Structures are given as C-alpha cells and as structure tokens.
Number of protein chains: 4
Amino acid sequence: MSLRVALIGYGFMGAAHSVGWRQAPAVFDLPEDVERAVLVGRNAAAVAQAAQKWGWAESATDWREVIARDDIDIVDIVTPGDSHAEIAIAALDAGKHVLCEKPLANTVAEAEAMTAAADRAAQSGVRAMVGFTYRRVPAVTLLRDLVAAGKVGTVQQVRAAYRQDWLVDPEMPLAWRLQKEHAGSGALGDIGAHIIDMTQFVTGQRIASVSGTMDTIVKQRPLLGSGSGLSGTASDGYGDVTVDDVALFTGRLESGALASFEATRFATGRKNALTLEVSGDRGALAFDLEDLNTLQFYDRTAPDELQGFTRILVTEAEHPYVAAWWPAGHMLGYEHGFVHQAKDLVEAIASGQDAHPTFEEGLAVQRVLASVEASAVRDSAWVDALATVDAVEKTGQES
Amino acid sequence: MSLRVALIGYGFMGAAHSVGWRQAPAVFDLPEDVERAVLVGRNAAAVAQAAQKWGWAESATDWREVIARDDIDIVDIVTPGDSHAEIAIAALDAGKHVLCEKPLANTVAEAEAMTAAADRAAQSGVRAMVGFTYRRVPAVTLLRDLVAAGKVGTVQQVRAAYRQDWLVDPEMPLAWRLQKEHAGSGALGDIGAHIIDMTQFVTGQRIASVSGTMDTIVKQRPLLGSGSGLSGTASDGYGDVTVDDVALFTGRLESGALASFEATRFATGRKNALTLEVSGDRGALAFDLEDLNTLQFYDRTAPDELQGFTRILVTEAEHPYVAAWWPAGHMLGYEHGFVHQAKDLVEAIASGQDAHPTFEEGLAVQRVLASVEASAVRDSAWVDALATVDAVEKTGQES
Amino acid sequence: MSLRVALIGYGFMGAAHSVGWRQAPAVFDLPEDVERAVLVGRNAAAVAQAAQKWGWAESATDWREVIARDDIDIVDIVTPGDSHAEIAIAALDAGKHVLCEKPLANTVAEAEAMTAAADRAAQSGVRAMVGFTYRRVPAVTLLRDLVAAGKVGTVQQVRAAYRQDWLVDPEMPLAWRLQKEHAGSGALGDIGAHIIDMTQFVTGQRIASVSGTMDTIVKQRPLLGSGSGLSGTASDGYGDVTVDDVALFTGRLESGALASFEATRFATGRKNALTLEVSGDRGALAFDLEDLNTLQFYDRTAPDELQGFTRILVTEAEHPYVAAWWPAGHMLGYEHGFVHQAKDLVEAIASGQDAHPTFEEGLAVQRVLASVEASAVRDSAWVDALATVDAVEKTGQES
Amino acid sequence: MSLRVALIGYGFMGAAHSVGWRQAPAVFDLPEDVERAVLVGRNAAAVAQAAQKWGWAESATDWREVIARDDIDIVDIVTPGDSHAEIAIAALDAGKHVLCEKPLANTVAEAEAMTAAADRAAQSGVRAMVGFTYRRVPAVTLLRDLVAAGKVGTVQQVRAAYRQDWLVDPEMPLAWRLQKEHAGSGALGDIGAHIIDMTQFVTGQRIASVSGTMDTIVKQRPLLGSGSGLSGTASDGYGDVTVDDVALFTGRLESGALASFEATRFATGRKNALTLEVSGDRGALAFDLEDLNTLQFYDRTAPDELQGFTRILVTEAEHPYVAAWWPAGHMLGYEHGFVHQAKDLVEAIASGQDAHPTFEEGLAVQRVLASVEASAVRDSAWVDALATVDAVEKTGQES
C-alpha cells in the first residue's frame, strides 16, 4: 500500500515539493510507495494546470474537503505562513501526517498551538515535520554529523548569515512580502529562520538568549498599480515598507557559546548566501549554500604544518544521501533537499519515529525569532529565548 | 498527441536519462507531451524493476521488437558503445528519432555509418542527436554564447582537461572498463570525448590536427574472481590493463589556435574536474564542472584597474535554461543537463530543426579521438583530424 | 638634507617598522632622504644587537634623551599602548614629527590629550600619524578609492571582521596580553581597532553609535612559572583572563547604514582573517587580509548576465603603491604596508600636509572602542560613539 | 669578517636581488655578515644612481675590473642571458662565489662550459648557484619536503604551467624580448625554464624525455620607432616576432611518470600564474604563484568522508623560512624568495656545502629546453633530454 499525498499550495514552494515527491521514489528505495494524489489551490483552473504539469493525479480547491478524505495520508502545506496553523492543526486532528513549510507559523502562540496538536496526534502515530530542507543538503547533514562526532570539540563560536540582494534596488516595488499585514515578517522570519534552525540543528543546542537590531534600509518603495504584478511604476506613488529587510543579532547557545547572525536582503552580489561556521577547540567547519556540494573542515589535531581548511566535495557514497544519486564528483542542486525531505518523512512514518525537525523544533525557532524582535524594540537588550512569547505582546506591554 | 520514448539500457546512464524524461515536462513548457513508454534491457526481472522505480510504463527485453513498434517515437540509447551503431541505425531506418549516448561509436567507421543513416532519416524529418549533455550545463551554454558574441575576441588558446582519480589506487581491480575488448577505449574515449566536443562546441571550430601521448600508468591490476563483481583480491592473480588511463594531447583549431587537452584517471583528489579555459584578445572564459553553477569571465576591455576574473553565478533568469528552475542563487546539479537535453530534443522534433549535437558533430569527435590514437602510436607526430580514419587501420598499416 | 628617525621599541613591531624605514627609500623616490638614526629600548645589550641587525646607526636606552636631541626629526613609537601618550606628547612638544602605533592610546582621555598635543604641534608644521598600516595595503586603498568614486553607490551595509585563533587552545598560558593591568584591552582593542579604523577609512564616515557584546571564552588559563616565558605548565596553577577574547558589535555609520563587527581570537583555522565587505546600491567590494593582493568587486551596473564578483589582482601599475614594486602578478606581503606608511609620512612632511590617519582619526577609533565597552556592560544598549568618553568612567558611575 | 657582494646588472632583477642582499642579514641570523659592495652597469650615471638608491657602497662600469678585485667574495649576475657564460666563468676562475640568474645560459654548450668552470672552482671551495628563486617560496619548499616525505606516495603525474598575458594585445610593439637575436628564446626559455626546474626540484627527478610544440601566436608586431622605448606605433610598420610566445610540451620523468607543461604569454587574465600539481598514489599537492602563501594538499590516506584538498596557509613558524618573518597568517610576497636565496647562499658558503640549484641543475634545465626546441622542429617527436645537446645543432644536421 502506498502513502497518498495532498499538497496544499502551488507557488514556487509547490514546485519544489512536487520535485521532492516525484523524485524520492525514483531515486531512493522507500519503505512505502508514494502517490501524488491531489494538489490544492484556490484558483481551480490554475491549480488544475499545475497538477497536470507536475504530475498530481487530481486537483482541488477546498483544503478542508481534501483533509476530510480517507484516502489521503500526508498533508504537505506550502501556503503563506498565516494559514499554516489552521491547516496543520486541522490535518493533524484528522489523523494526517503533516509536512509544513517553514517558518512554522507567524507567531509563537500559533506555533504553540500547532505543537500541542502535533503532540496529541503523535499518540496515534501521526508525524508532524517542518520544512527546513537545508538540513538535508548533504554537506549540512555531514557538518552536523561531524560536530556530533566531536570533530570540532567544544563549540566556542558560531557565525551564521543568510545574505541576498534582491531589495538593493530602491526602485524595486512594494510587493506583498514587504507589507507586514500580508507577510508577517521580513528578512528575519523568512531567511533568518533558516540560520536559526541550522545553528540549533548542527550544534544540538538551543539558542538561549539574543540581542538584536532590525532595520528597514529602504523605507518607501513604488506602489504597484492595481492588478499589475511586479510591473508597477513610480507614477503610482510610494508606500511604506513595513517589514525588516535586515536583522543583525547575537545569541548565546545553552552552553554559553556565542553565535552571531545576519539576515539581509541588502548584501549586494550575494544571491542566496547562507553561510555557517562552527568553531571549536578541536576544529572548525564552514558551509556556504552558494557552493552547496562542499564542506570546509579545519582539523586542529592534524600535524601543525599540514593544518588548513579541507574542502570536502560532499559527493562521495560515504556522505549523507549521496549513494542513491550519482558517482563521486557529480553535483547536487537546490531541489535535492526536497527529495531527501520526502524520503526522510516516508521513512519516519514507516518506522514509527519522529520526523525531524518536529513542530517542537519549529516552535524553538519561532521563540528565537520573537526574541530578536523583542530585543530590537528594547534597545537591543538581551532577551531569554527559551521562555519568550511573542514580541508583539511583550512590546505591547511596554508601549 | 505525445512523444513516446523507449530507453534502451538501464545502468547509471539509464537513471540519468530517466530523470531527464521525468523532469523535462514538469519543469519546462514543452511543445509536445512526453511519455516514458518502455525501458529495454536484457535481464527481464531487473529491467522490470528499474522501469517500475523510474516510472516507465512498460519494460521489454528485445530492442528490435521495441523499435518495430508503431507507438514509439524516440529511441534513447544508453547501452555500451559497441552496440550504438547497430541500434541507432536500425532505429533511424525505422523512422524513429534517436538520442544516442556519447561517444557516438567505438570507431570512425561506425560513426560514419551512423551519420549516413542519420542523413537518410533526416530527409523524412527524423532527428538524430548525441548525448554530450555537458553542453547543456547553463554555464557551458553561456560560455559558448559569450564566445559567439565576441566577448573573448579572437580565440588564441584553449585549455581543456577532464580529471578524475578513481584509478589512482594500484589495487583497484581489473574491471571490464579496463579491458579493450569490452570497453573499446579508456580515459580518452570516455572522458576525453567530452572535452573534445566541448572545445568544438564553444569555439564553433573543429579541431583540425593533433599530437598526442597515451599511457597506462598502472599496467597490471588484480583479477576479479569469477562472479565476484568488484570483490576480487590479489589472490586471484593479476591481469593486463589494455586501455589507456591517461591521454595528453595538443591540437590546433581550424583557425590555427592552439588547444591543450588532458584526460586522466590519475588526478588524485580530482573527482570529476572537467575544466575549460578559452583565451582571446578581448577576454577569457573559464569553467569547472566541479563548480558547475559558475562561469569565470575576464574582460580585457574593462578599465585597467578593475580587470579580473568575474565569477558569474549562472543562476539568473537571464541565463540559459535557468528561468524554468529556481530563483537566483539556487544551485543546479548534474542531472539538470539531462533534463535540458530532453527538452531540447523535443523542441527540435516539434520545430523540425536539427538536434545538436548531431551525429555529424559526434563523428567529428570520433575523428579527433582516432587521430590522437594514431599520433600516440607514431611518436606523437601530428595527425590531420579532419580527414582521419581509424587509428587501428592506420597503425595496422604500419606494424 | 635627510630626515633622521628614532624608533622607540624593538619588538615585533620594531622589526616591521624597521623594514618600512629600510625599504621605503630604496623602492620609492622619496622627496627627502631618510636615515635610521637611533633605536631605543630599555635593555641596552638587546637593543644594541637589534640596531645592528636592523641597520640603525645607534641605539639608546632613554627615550627622553633621544627626543631632546636636535638631530632627530621623526619619532616612531612602537612601545606598549600604556606609554604611547607620554612619549608622543613629549615628542610633539619637542617639535618632532610622530608616528605612533595603533591603537593610539589605552583610553579616550589619553587620546584626547595626544590629539590636543598634535593640534598644538601642527601650528608649527609638525605631523602626527597613527600606524593603522592596513589602510596602505594596495587592495584596501583601492577599495577606498572605488567607494569614493561611487562604484558601490550609497553604502547600505558594511561587514567587518578580524578573526584569529591563537587562543583556541584552553591550555595556552596566561600571557601578559591576557591581563588587563598590562594589556589594557584584549581582542577589541588590539584587532577590533583595525576594523573600526578601516570601516571609517573606506566609507569616509564615522561610526556614530554601537551596540556590543564582549566575552572571555576561556576564563582561566595556566599561570606562567617565574621567568619562564611561555613555558609555564598547569602545575603552576591557573589564573584569571581579565581581558576580552571576543567582541561582537553592531554599529551605525553617520548616514545610518548598518555595520557589523567581529573581533575574535577563537575563530579556529583563521590566522589573520581581517575581512571587510561594503555593500551599496550600485555595487559591492570585499577584502580579505589572508588574500591581500586581491580585491573583489561586484558591479550592479554591468549587464545582468555578466554580473558577479570580479577578483581583481591588485598588482597592476595602475593600482595604489604598486608601480614602484614589481611587474603585474607579483605579490606583495605583510610588511609592504609599513614601507608605504614610511613613504607617505615622508611625503606629508615634505609637502606640509596632514599625515593620515591623524591623531584625530585615531581618537575617533578610541571613542568607538570605549563605546563598545560601555554598551557591553549595559546589556548591549546603544551608545553614542561620537560623544563617548571612557567606558571605565561611565560604568564606574553605574556600579 | 663579512662577505662582500658585487651585483652585475641593475634592471628589474637588480632591484630584486638588491632586496635580497639588503633584507637577508636584517631578517635572518646569518653565519657571515654581508656587504653590498659594488653595483656594476654600463651606464655610469644610471648605475651610480641605482647604487645610491638601493644601498650599494660603490658603483662601477667594468665587470672585469670588479671581478679582479680582492675585496669581492660573491659575484651576482643579473645581466641578459647571452653574457652569463662569459661573466660567470671569469668570476669562478677568479675564485669568486657566483649566483647567476636563470636561465643559466642561452645554449647547452654555454651551460656545459659554465658547469665545468663550477666543477673546477668547487675544488677550492667556491660555490656556484643558479637563481631559480621560486624554489624558495615557502609553499614550494614545503611541497618538495612533503613529496620527499612520501606524502603523495609514488608520483604518477605532474602538471606544470606558467601563464602570463602580456602579449595578448596584437598591437603590443616588437620589443627586444621578442627578437631571437637579442633574447635567445621566448616564453619557453624565460618562464618555461621555471616550471622545468620546479618539476625537477619537487620530484627529485630529471625530465628524461619530451615531446613539444612551440608557436608564435602573433607573428608580426608594430616596430618601435628609433630610440622610442615602448612608444612605437603602427605607423612605423610591422616586424616579425622571432621567438615563441607559447610552448606546450609533455615530458616523462626518470621514473616514467608523465608531466605536462605549458609556458605562454597568451593566457588572458593570468598575470603570473605559475601552477604546479603533483599527483601520486597517496596524495596530491598543488601550488599557484598567484596565491603564493598557500599550498593545497590532498591526503588519500585520510578517512574517506573527510578527504579533500586542504588549503595550508604556509605562514606558520613550522614552515620553511617563515619563522624569521612574521606571526602566523601574515603574508609574504614576491621578493621574499630573493631574501631566502641570499640567506641560503651565505649559509652554503659558510658551511662549505653545495648551493642548490647548482650549475649542474641549471644545465639539466637547459637540456630540457633544448630538447623541447628539438622536438618542436621534428613534428613533436620525442627527444631524449638526458643526453641532448642544442636543438640548433641537431636541427641544423637535419635541415
């Protein structure tokens, strides 16, 4: 018998998740078959066309109806963040395994409710997973494995950054992603979430406290004309950008080790530069998503004259996920993480084990995000991220 | 109506071509639908299992029967090189479009016969294409486009190398690929063919003459025990390696420009390092397959103090093939070339245009390969590669 | 007539400054001759030996006597920071040109007094310069020139880091540099000062405010046995490290642009990695001291498909300082900055112009350092760096 | 007592050797003092000015008179290649230690005579050394040491290239270096000599045979007007370039291992790119002169999942020559090799040991150069480089 998937949402992330479900059974030997059963979206014609192109058996417009169906096993949610909580909780309560795109939710409160739903569902063997796919880039998984194996020794510092540049142009128009009422958050929530999760993933520690600064570098942008997509011009006037486009913060891990973070869309020339460096008393490991098939490893235990950063091409059969793909030296790309994610979720379901990152791990990211926001409005004061609730509530109390 | 594909062969290349046919219609807007109709292989059980895993509707064991079927439009050949000629000619004569893995054939004579068949078939609108997929790595296509646009000016030198290291270990056993009677050729024919084709592709010129050296660095290797796959040990004794494992040659393009070539499996630490550098009087372009999402461009027309190699991340919508994939800065991998190949073949069929590389272009590569072999056995004397026939014949005359 | 130099101090920096004075007249065409007149240090035998080796005509043990001599024109100070103020003020008051190693002083108050002395001396044509030599690495000077020429447009973000790893080992003993009473400051004052100055230099803006965190990652280290240099062992017991070994801070330039800073000695595998990246709406520039002959430039005004970081080899005659050295492609090293510094000071003296960085510029760095310290003890609250006085005073008021 | 040096020649190489003699005693603890006694050149005024600037005690115009002086111990020859033999033999016969710039001579016959003179002089303790300074870049010396220590195992392939681009522009005028009667040789003799020596140095093996091609890519260039330096224009007409500007050759080491070589001035964008890669069955080592403070090491004996090229920053005290310079992570540059050369020659003289590369090693390079020329005029036939005499003689016999 096979696992039947419903994918809710069909934008860019819908395409990526579709590749995951399409390729996973053709590349890996999965313990269960997978069927792309139904693609769900509000525009019937558009979602039908996407379903046809991406190879989904059916399309539908009402996610509640789909969740109610008996023949759906997995609900994969790639809608905007403000709908995650409602859909995921409904799906879990209906006994469906859930894969939910990151960030888990727009608020800590939502994430808490989702985690509670996941806990309830877990009692009947239902799995809930958050889509931090970058964990499944082989070099990142290997980085985590090497930290866990003691290759860097005691972690002393972490540097994490996610740098893009698509807002550098001040005449780039005021898209919905730049308006808080639609997007919830800016650079912090969208790309900052990735480096928070990755830091917690590779160190095996939570970020315990943070001090941060957020900024909106370009504060007004051209309004989009009605119905004009990205084609608006300055003649339409200017509107306020209401989300952050850069967030800089410092954190402390549970061990006390320092970590520095940058999430920005103003790093001219950096397209998708998620970089991570973990330093310890026995070595260091460094990763760059723009060079995703490699991992840099510095071994302080090597002979002095031979020490240096080793550029490991993470394409060997010994490396995580790689054996199922191509021979050594053959590159993987962006969408492979989605294939690995689909594989891992299927294996978790089949084996009755937690599917990481769990909703609890997603909630932990949410708490850090809220803590950074809280610190930013408090003159960068340090905020306890293990206990934090939403910055909005906290700062509401103060203003 | 859709194009129905038969794939003959189901090894590593079968997996790669399957990804091509699976992903192309889901990623690109093809002018014709594509169906993975039948996978063909000699072992009925194994090919059936592969067909199931890779999503082919049927499997079959007799390629002649499949070629005879009316409901097959495209025959995709990924069998060992010694069967290319027979299958491709039969398919073309049966009116099927043919995609044939590289190198086109094991001899110039075979390649000539195949090209003749392709010419006959072309008169009734049938296409014949050779699978030099690296042409379709976006950075390589961009490199060609920039040369064609005059960005390097007059080409003055080309450096091409394909370096791997899987034979470095002298105790690596004597696999069939190291025996001439099975493999036909060694490093030269397998990986040297790629850099010959790529040089001709990006410069738009044929390699007119060559002087070369071939070597077998490790001349004897452990025999494999009977039925033991790669598990043989030295106790089985040693046998002769009868193909080259390194080929070094110099060529002249039609314009007289010099090109240097290295194909080796003894480049310790280089896993799949196909590198190409084209130098001209206005600029230079450099590519490395181990960093396949980038292209290096040196612009001699830039202001003196700003000149340098620009590392272009070939992931922008403006770059070849990229718009259909992911946003800027999101990496592509090895198999994407196969997706592009499938797309381009379908478009060529739909539009009634030649599908490049044509068999004639494949034959041109074959002539260079034969010329290098001929030069190697003649004390590295220069051999005319535009007119060459097989080295075996030539050298036969001399011995 | 020639300029006669007295160099006070003969440690590592004495060697570097000696190279500067030795090479400058042999490489550049200076407007005035330079004589290495006298090397000053407390240990008569040791300083005499150093003078002999480094080519100083005399040695001496009393800097006051040397400053009083009529035949000394330039006093070059490379003693520990706690003596800078006394020597520099005395020298300036005696009418000598002064070159003072960075950081200018150990406190803002000292730096203010030194700047006042420099202002007084300037009225009679005496020059005072601070030794931030990294400004004179050709790639850094070029970076500044390109920012000034508008190549990055409006500066939107700056990232600056100085990463070393010589304290990673917890058993590294408690040297004097790790004790506040001797060293004044740790990573912040020593290497953080460089990235503060460089940021202000290349942007032409002061850092207006900061929020920071400082830490001592290894808090206790093995005591050195008496008279044992670095040979102490754990049997001597452990003592407290009383300076910071990592400082992380965020700043705002006068324009409001954000800048992030890291000064650390716990970046495992990073030996002397001063990195700087300036992002603007027209381009970006990036520098790495471990690759000091290159500068990375991203030009957003280039055609879309050709954009990327250009790796400029800063070894062309068109580049700052380079024409006097070697042909294109020949590398410069660490000490070349000291040669350029000597040349520039001589030229400033000869032409009667300010020698940058002036003491006022050194004082500006000092204010930022003090502001970071003040922020760090105030829960990372933002501190105005344009007006700041010493952190010690401020925090004294609070405790 | 100190060693007194006479430097004959005062062009670019005179500047570089002067740095060597000036810096060596100030940086290293030499067993003998060194004095820059006399600088020799034909133009009295110009050589006097250079002597003054570079710190030579005297200048002179007649090298024979200088060689005859009793107070000269070392004769350092940096004149054009056609005068090396005469000066070096005279100096050796006069009992002076000789340092002679590379290539040793313009012909094998000259080099043989020089080697004979060195052998005679050696009997009275006189040293003769060739100036292949790149051997003394710390990363190159380390590379050699690691090969000798077995870190790459058995050498299986070597790749060596020296790429520059200063002839790419076809309108670059016909300087004397491009005329055989003045320069003797082109790219091969000038930069090809370096990679031949470096290959022999690091492998400890001679190049036993070669097959090569030489070319003059731009065959005619604008003539220089009379007395006009590099300022000639096309209006002066065009003349023939009579030396090679690119040489491509393949060699075999004594062990039979293959080595490939490229010496070119048409590598657009490559300024001084001497690259070397040595591959063996236990590892590989790679060097690039444009990144001269680093060495890449691939260790095949490391755990599979951790293998990769390690980028060793060759700036540690454990590395060759480095301890006398700066702390870890502080870069060295081009001229440091000349300082190391001066130091090593002084130490060899003091200790009574051979100063490498000896004239015999320089002669070995000369034989390879002549063999490449001989092969190039014989349709790239393989030539025995261990026994070769001058190509001119050989080819003369054949034409």
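The values are calculated or read from the model by the stated rules, or taken from the named source; none is laboratory data. None of these values were measured; they are calculated from a predicted model. When we count neighbours, we look across all protein chains shown, and the Cβ atoms used for this are built from the backbone with ideal geometry, even at glycine.
Take the residues of segment B:303-342 that are away from chain A (no Cβ under 14 Å) and farther than 26 Å from residue C:311 by Cβ: which is surrounded by the most Cβ atoms within 10 Å (Cβ to Cβ)?
Ranking the qualifying residues of segment B:303-342, first place goes to B:342.
Which of the residues that make up segment C:343-389 are aromatic (Phe, Trp, Tyr), surrounded by 23 or more Cβ atoms within 10 Å (Cβ to Cβ) and assigned to a loop (DSSP other than H, G, I, E, B)?
Let us first name the residues in segment C:343-389 that are aromatic (Phe, Trp, Tyr), namely C:359, C:382.
Add one more test, that the residue is surrounded by 23 or more Cβ atoms within 10 Å (Cβ to Cβ), and what stays is C:359.
Within segment C:343-389, none qualify.
Tell me which of these residue D:113 doesn't satisfy, since it passes every other one: (1) buried (at least 22 other Cβ atoms within 10 Å of the Cβ); (2) at pLDDT 95 or above.
So the condition that residue D:113 fails would be (1).
Out of all the residues in segment C:155-174, is one or more within 14 Å of chain A (Cβ to nearest Cβ), part of a strand (DSSP E or B), in contact (Cβ under 8 Å) with a residue 60 or more places away in the chain and among the β-branched types (Val, Ile, Thr)?
The first filter runs over segment C:155-174 and keeps only residues within 14 Å of chain A (Cβ to nearest Cβ), leaving C:155-172.
With part of a strand (DSSP E or B) added as a condition, the list becomes C:155-163.
Retained after the next criterion (residues that are in contact (Cβ under 8 Å) with a residue 60 or more places away in the chain): C:155-163.
Filter once more, so that each one left must be among the β-branched types (Val, Ile, Thr): C:155, C:158.
Checking segment C:155-174: at least one residue is within 14 Å of chain A (Cβ to nearest Cβ), part of a strand (DSSP E or B), in contact (Cβ under 8 Å) with a residue 60 or more places away in the chain and among the β-branched types (Val, Ile, Thr).
Can you tell which of A:231, A:209 is over 16 Å from residue C:259 (Cβ atoms), modelled with pLDDT under 90 and small (Gly, Ala, Ser)?
After ruling out the rest, the residue left standing is A:231.
Would you check if there is a residue in segment B:53-69 being in contact with a Lys or Arg (Cβ under 7 Å, 6 or more places away or on another chain) and either more than 28 Å from residue B:321 (Cβ to Cβ) or charged (D, E, K, R) (or both)?
There is at least one residue in segment B:53-69 that is in contact with a Lys or Arg (Cβ under 7 Å, 6 or more places away or on another chain) and either more than 28 Å from residue B:321 (Cβ to Cβ) or charged (D, E, K, R) (or both).
Within segment D:184-197, can one find any residue that is touching a His at 6+ places or on another chain (Cβ under 7 Å), outside the structural domain of residue D:79 (by TED's automatic domain parsing) and surrounded by fewer than 22 Cβ atoms within 10 Å (Cβ to Cβ)? Lay out the reasoning, then the answer.
Start the filter on segment D:184-197 by keeping residues that are touching a His at 6+ places or on another chain (Cβ under 7 Å), which leaves none.
No: zero hits.
If residue C:238 meets every condition in (1) at pLDDT 95 or above; (2) of a type in the set (Phe, Trp, Tyr); (3) in contact with a Lys or Arg (Cβ under 9 Å, 6 or more places away or on another chain) apart from one, which number is that one?
Among (1) at pLDDT 95 or above; (2) of a type in the set (Phe, Trp, Tyr); (3) in contact with a Lys or Arg (Cβ under 9 Å, 6 or more places away or on another chain), the lone unmet condition for residue C:238 is (1).
Six or more apart or on different chains, Cβ under 7 Å: which pairs go from a residue in segment B:298-319 that's assigned to a loop (DSSP other than H, G, I, E, B) to one that's crowded, with 22+ Cβ neighbours inside 10 Å and small (Gly, Ala, Ser)? Could you list them?
B:300/B:283; B:314/B:139
Among (1) basic (Lys, Arg); (2) closer than 27 Å to residue A:56 by Cα; (3) without any contact (Cβ under 8 Å) to a residue 40 or more places away in the chain, which single condition is residue B:64 missing?
(2)
Can you find a residue that is of a type in the set (D, E, K, R), in contact with a His (Cβ under 9 Å, 6 or more places away or on another chain) and touching a residue at least 12 places away in the same chain (Cβ under 8 Å) anywhere in segment C:39-56?
Within segment C:39-56, the first condition is being of a type in the set (D, E, K, R), and the residues that meet it are C:42, C:53.
Keeping just the survivors that are in contact with a His (Cβ under 9 Å, 6 or more places away or on another chain) gives none.
Checked against the condition, which is being of a type in the set (D, E, K, R), in contact with a His (Cβ under 9 Å, 6 or more places away or on another chain) and touching a residue at least 12 places away in the same chain (Cβ under 8 Å), segment C:39-56 yields no hits at all.
For segment A:1-116, give me every one of the helices (runs of 4 or more DSSP H) that falls completely inside it and has 2 or more residues that are out of contact with any helix residue (DSSP H, G or I) (no Cβ under 8 Å at 6 or more places or on another chain) and more than 14 Å from residue A:129 (Cβ to Cβ). Write out each step before concluding.
Working: elements: A:12-27, A:44-54, A:63-68, A:84-93.
Hits in segment A:1-116: A:12-27, A:44-54, A:63-68.
How about segment D:264-297: which of its residues are farther than 16 Å from residue D:137 by Cβ and either aromatic (Phe, Trp, Tyr) or at pLDDT below 95 (or both)?
D:266
Would segment A:176-188 turn up any residue that is hydrophobic (A, V, I, L, M, F, W, C) and part of a loop (DSSP other than H, G, I, E, B)? Break it down stepwise before answering.
Here is the first cut: in segment A:176-188, the residues hydrophobic (A, V, I, L, M, F, W, C) are A:176, A:178, A:183, A:187-188.
Among the residues that remain, those that are also part of a loop (DSSP other than H, G, I, E, B) are: none.
There is no residue in segment A:176-188 that is hydrophobic (A, V, I, L, M, F, W, C) and part of a loop (DSSP other than H, G, I, E, B).
Going through segment B:306-362 one residue at a time, which ones are farther than 30 Å from residue C:142 by Cβ and charged (D, E, K, R)? Quick ask: steps written out before the conclusion?
Here is the first cut: in segment B:306-362, the ones farther than 30 Å from residue C:142 by Cβ are B:317, B:320-327, B:330-362.
Correct list: B:335, B:343, B:344, B:347, B:354, B:360, B:361.
I'm told residue C:262 meets every condition in (1) within 7 Å of another protein chain (Cβ to nearest Cβ); (2) under 30 Å from residue D:17 (Cα atoms) except one. Can you identify the failing condition by its number?
Unmet for residue C:262, out of (1) within 7 Å of another protein chain (Cβ to nearest Cβ); (2) under 30 Å from residue D:17 (Cα atoms): (2).
Given the structure, is residue A:312 closer than 30 Å to residue C:171 by Cβ and not charged (D, E, K, R)?
Values: closer than 30 Å to residue C:171 by Cβ: yes; not charged (D, E, K, R): yes.
It is true that residue A:312 is closer than 30 Å to residue C:171 by Cβ and not charged (D, E, K, R).
Return yes or no: is residue B:300 within 12 Å of chain A (Cβ to nearest Cβ) and either modelled with pLDDT of 95 or more or more than 23 Å from the chain's Cα centre (by Cα) (or both)?
On the way: within 12 Å of chain A (Cβ to nearest Cβ): no; either modelled with pLDDT of 95 or more or more than 23 Å from the chain's Cα centre (by Cα) (or both): yes.
No.
For (1) in contact (Cβ under 8 Å) with a residue 40 or more places away in the chain; (2) in contact with a Pro (Cβ under 9 Å, 6 or more places away or on another chain); (3) farther than 18 Å from residue C:203 by Cα, each residue gets a yes or a no:
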{"residue": "C:253", "(1), (2), (3)": "yes, no, no"}
{"residue": "C:260", "(1), (2), (3)": "yes, no, no"}
{"residue": "C:263", "(1), (2), (3)": "yes, no, yes"}
{"residue": "C:272", "(1), (2), (3)": "yes, yes, yes"}
{"residue": "C:285", "(1), (2), (3)": "yes, no, no"}
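Check residue D:303 against each of (1) more than 25 Å from residue C:328 (Cβ to Cβ); (2) in contact with a strand residue (DSSP E or B) (Cβ under 9 Å, 6 or more places away or on another chain); (3) not acidic (Asp, Glu) and name the one condition it does not meet.
Result: residue D:303 fails condition (2) only.
Could you tell me which of the residues C:259, C:273 is within 19 Å of residue C:189 (Cβ to Cβ) and surrounded by fewer than 22 Cβ atoms within 10 Å (Cβ to Cβ)? Full working, then the answer.
On the way: C:259 fails: surrounded by fewer than 22 Cβ atoms within 10 Å (Cβ to Cβ).
The match here is C:273.
Being touching a residue at least 12 places away in the same chain (Cβ under 8 Å) and of a type in the set (D, E, K, R) is the filter; apply it to segment A:287-297 and report the residue that is farthest from the other protein chains (Cβ to nearest Cβ).
Selected residue: A:288.
Name every residue in segment C:265-286 that is away from chain D (no Cβ under 13 Å) and not in a loop (DSSP other than H, G, I, E, B), in order of residue number.
Correct list: C:276, C:277, C:278, C:279, C:280, C:283, C:284, C:285, C:286.
Here are some residues: D:148, D:160. Which one is of a type in the set (Gly, Ala, Ser), within 24 Å of residue B:265 (Cα to Cα) and surrounded by fewer than 21 Cβ atoms within 10 Å (Cβ to Cβ)? Steps first, please.
Working: D:160 fails: surrounded by fewer than 21 Cβ atoms within 10 Å (Cβ to Cβ).
From the options D:148, D:160, the qualifying one is D:148.
Scan segment A:11-29 for residues that are facing chain B (nearest Cβ under 8 Å), under 16 Å from residue A:51 (Cβ atoms) and either charged (D, E, K, R) or touching a residue at least 60 places away in the same chain (Cβ under 8 Å) (or both) and jot them down.
Residues satisfying the conditions are A:16, A:19, A:22.
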